[in-house]
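The values are calculated or read from the model by the stated rules, or taken from the named source; none is laboratory data. All of these numbers come straight from a predicted model, not from anything done at the bench. Here the Cβ positions follow ideal geometry from the backbone for every residue, glycine too, while neighbour counts run over all protein chains shown. In case anyone asks, the SASA skips ligands and DNA or RNA and just uses the protein heavy atoms, side chains included. Shrake-Rupley method; radii C 1.70, N 1.55, O 1.52, S 1.80 Å.
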Amino acid sequence: MFKKTLTLSNGKQVTSKRSFLPIYILITVIFMFVAADVTNFSFSTLILRSKQFFVIIGDMIPPNWKYMNRVWGPLLETIKMSLLGSIIGSLLAIPFAVLSSINIVKNRFVAGIFKFILSVLRTLPTLVVALIATFILGLGAFAGTIAIFMFTISYVGKIMYEQIETIDMRTFEAMESFGLTKIQAFRYSILPEILPNYLSTSIFCFEGNVRYASILGYVGAGGLGLLLNERLGWRDYASVGSILLMLIVTVALIEMLSEYLRQKLK
């Protein structure tokens, strides 16, 4: 059914498999229509109401410059909890990645447990983790730091164990045969290979965490989210514009710095 015969210029016939692409496209289109029906998605509503978006943007311009004095504190809090959560999460991601790598641990059950832990942590939305953390640890930046830490360890840990599992293990095994422990062999054979990608991934994760941290205040986890929620609730869009402007500038500067550092690591 999914094969066709082709005749070459020399008269020889060859059989090739037919492409499944049309079937994949059909299935995708069907799922799109089902998803649109379930979510009550409407192009007409989107077109008719889209102008309201520009009305709100217009209310944000010009921003309330006087309100920026109130933004500095929460902005620094957002950066600090993003940085702390990213650093701790990236450091603890290394042992998790090692214990998840089947070519180092050799025990599929142990590696499977740690892969499952990373998968569960990665599945939980950061906002939900922050909400749970506020119930356990109380309101404030500490809960936000924990949420960012858990996301970082799952994200960096997954990237790292996937890279470790693709590494040629002959050097590692040779060092073990010379009497080195697994930790020593990992230190001198595998770590130098994964270090540039590990640092690049950690920096990229911190860059994203600053954006994520800016909304954690919605659930009481500190940062700019509390101000955003407050000003949006009061329909004070000029102050919202001030908050977003400072956040955009901060994220842009961090992205430029992280891009520069990642280029240095290549």
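Taking each residue of the range 112-126 that is farther than 15 Å from Ile94 by Cα and looking for partners that are open to solvent by 50 Å² or more (accessible area, probe 1.4 Å) and not in a helix (DSSP H, G or I) with beta-carbon atoms closer than 9 Å, six or more apart or interchain, yields Thr126/Ile215. Note on the range 92-134: among residues that are of a type outside the set (A, V, I, L, M, F, W, C) and not in a helix (DSSP H, G or I), the one that is least open to solvent (accessible area, probe 1.4 Å) is Ser101. Taking first residues from the range 142-158 that are over 17 Å from Lys80 (Cβ atoms) and in contact (Cβ under 8 Å) with a residue 24 or more places away in the chain and partners that are among the charged types (D, E, K, R) and open to solvent by 10 Å² or more (accessible area, probe 1.4 Å), the Cβ contacts under 8 Å between residues at least 6 apart in sequence or on separate chains come to Ser154/Arg122; Tyr155/Arg122; Lys158/Arg122.
Here is a yes/no grid of residues against (1) within 15 Å of Pro63 (Cβ to Cβ); (2) open to solvent by 60 Å² or more (accessible area, probe 1.4 Å); (3) touching a strand residue (DSSP E or B) at 6+ places or on another chain (Cβ under 9 Å):
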residue	(1), (2), (3)
Val219	no, no, no
Asn229	no, yes, no
Gly233	no, no, no
Met246	yes, no, no
Leu261	no, yes, no
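Applying the criterion of being in contact with a helix residue (DSSP H, G or I) (Cβ under 8 Å, 6 or more places away or on another chain) and of a type in the set (Lys, Arg) to the residues of the range 147-201, the residue that is farthest from Lys106 (Cα to Cα) is Lys158. Residue check: is Ser214 more than 17 Å from Leu76 (Cα to Cα) and touching a helix residue (DSSP H, G or I) at 6+ places or on another chain (Cβ under 8 Å)? Judged against the criteria, Ser214 is not a match.
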